[in-house]
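J.: The structure that follows is given in the form of structure tokens.
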Amino acid sequence: QVQLVESGGGLVQAGESLTLSCAASGSISRFNGMAWHRQASGKQREWVATIASGGTSYLADSVKGRFTVSRDNAKNTVYLQMNKLKPDDTAVYYCAAVGTTTYWGQGTQVTVSS
């Protein structure tokens, strides 16, 4: 079992940047990958990014070229660097540790004003 705590959310204007962090209570290396998802109000949760245990990253088309996912295994932390933010990026962002069981954090709110 692992606890995940997201941080770094907030209110920004369109075009600005934010970096989200996801701190795990234990080693993240044992998971197949670490992922970010988001859920806008009234919408289903959607996948945003994944970084595999080997370091390969995958991004949803909607954020390619603007978001970057990275990990620091020594700190058991995953990051989501978000640039050129748009109002459509407004959502609660969740971190997930993906293995035989998927663990979720509590989420952090990102609000982008136009």
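J.: Checking VAL112 against (1) under 14 Å from the mean Cα position of the chain (by Cα); (2) assigned to a strand (DSSP E or B), which single condition isn't satisfied?
T.: VAL112 satisfies every listed condition except (1).
J.: Of the numbered conditions (1) open to solvent by 60 Å² or more (accessible area, probe 1.4 Å); (2) under 13 Å from the mean Cα position of the chain (by Cα); (3) hydrophobic (A, V, I, L, M, F, W, C), ALA60 satisfies every one except a single condition; which is it?
T.: Looking at each condition in turn, ALA60 falls short on (1).
J.: Test each condition in (1) hydroxyl-bearing (Ser, Thr, Tyr); (2) buried (at least 17 other Cβ atoms within 10 Å of the Cβ); (3) touching a helix residue (DSSP H, G or I) at 6+ places or on another chain (Cβ under 8 Å) for SER114 and report the one that comes out false.
T.: Single failed check for SER114: (2).
J.: Might you let me know whether the stretch 87-108 holds any residue that is among the hydrophobic types (A, V, I, L, M, F, W, C), part of a loop (DSSP other than H, G, I, E, B) and under 15 Å from the mean Cα position of the chain (by Cα)? Quick ask: steps written out before the conclusion?
T.: Here is the first cut: in the stretch 87-108, the residues among the hydrophobic types (A, V, I, L, M, F, W, C) are 91-92, 95-98, 104.
Then keep just the ones that are part of a loop (DSSP other than H, G, I, E, B); that gives none.
No, the stretch 87-108 has no match at all.
J.: While we're here: Select from the stretch 36-57 the residues that are over 18 Å from GLY9 (Cα atoms) and part of a loop (DSSP other than H, G, I, E, B) and write down the one among them that is farthest from the chain's Cα centre (by Cα). Before you say what the answer is, go through the steps one by one.
T.: Keep residues of the stretch 36-57 that are over 18 Å from GLY9 (Cα atoms), which gives 42-44, 50-57.
Now drop any that are not part of a loop (DSSP other than H, G, I, E, B), which leaves 42-44, 53-56.
Values: GLY42: 19, LYS43: 17, GLN44: 16, SER53: 15, GLY54: 17, GLY55: 15, THR56: 15 Å.
Going through the qualifying residues, I end up with GLY42.
J.: Yes or no: the stretch 14-34 includes at least one residue that is without any contact (Cβ under 8 Å) to a residue 12 or more places away in the chain, open to solvent by 30 Å² or more (accessible area, probe 1.4 Å), out of contact with any Asp or Glu (no Cβ under 8 Å at 6 or more places or on another chain) and not in a loop (DSSP other than H, G, I, E, B). Full working, then the answer.
T.: Going through the stretch 14-34, the residues without any contact (Cβ under 8 Å) to a residue 12 or more places away in the chain turn out to be none.
The answer is no, given that none of the residues of the stretch 14-34 is without any contact (Cβ under 8 Å) to a residue 12 or more places away in the chain, open to solvent by 30 Å² or more (accessible area, probe 1.4 Å), out of contact with any Asp or Glu (no Cβ under 8 Å at 6 or more places or on another chain) and not in a loop (DSSP other than H, G, I, E, B).
J.: Now, a different point. Picking from VAL69, VAL63, which residue would you name as being farther than 17 Å from GLY99 by Cα, in contact with a strand residue (DSSP E or B) (Cβ under 8 Å, 6 or more places away or on another chain) and in a loop (DSSP other than H, G, I, E, B)?
T.: Working: VAL69 fails: in a loop (DSSP other than H, G, I, E, B).
Going through VAL69, VAL63 in turn, just one is farther than 17 Å from GLY99 by Cα, in contact with a strand residue (DSSP E or B) (Cβ under 8 Å, 6 or more places away or on another chain) and in a loop (DSSP other than H, G, I, E, B): VAL63.
The values are calculated or read from the model by the stated rules, or taken from the named source; none is laboratory data. Computed from a predicted structure; not experimentally measured. Heads up, the Cβs are rebuilt from the backbone with ideal geometry, glycines too, and the neighbour counts pull from every protein chain shown. Note: areas computed on protein heavy atoms with side chains; ligands, DNA, RNA excluded. Shrake-Rupley method; radii C 1.70, N 1.55, O 1.52, S 1.80 Å.
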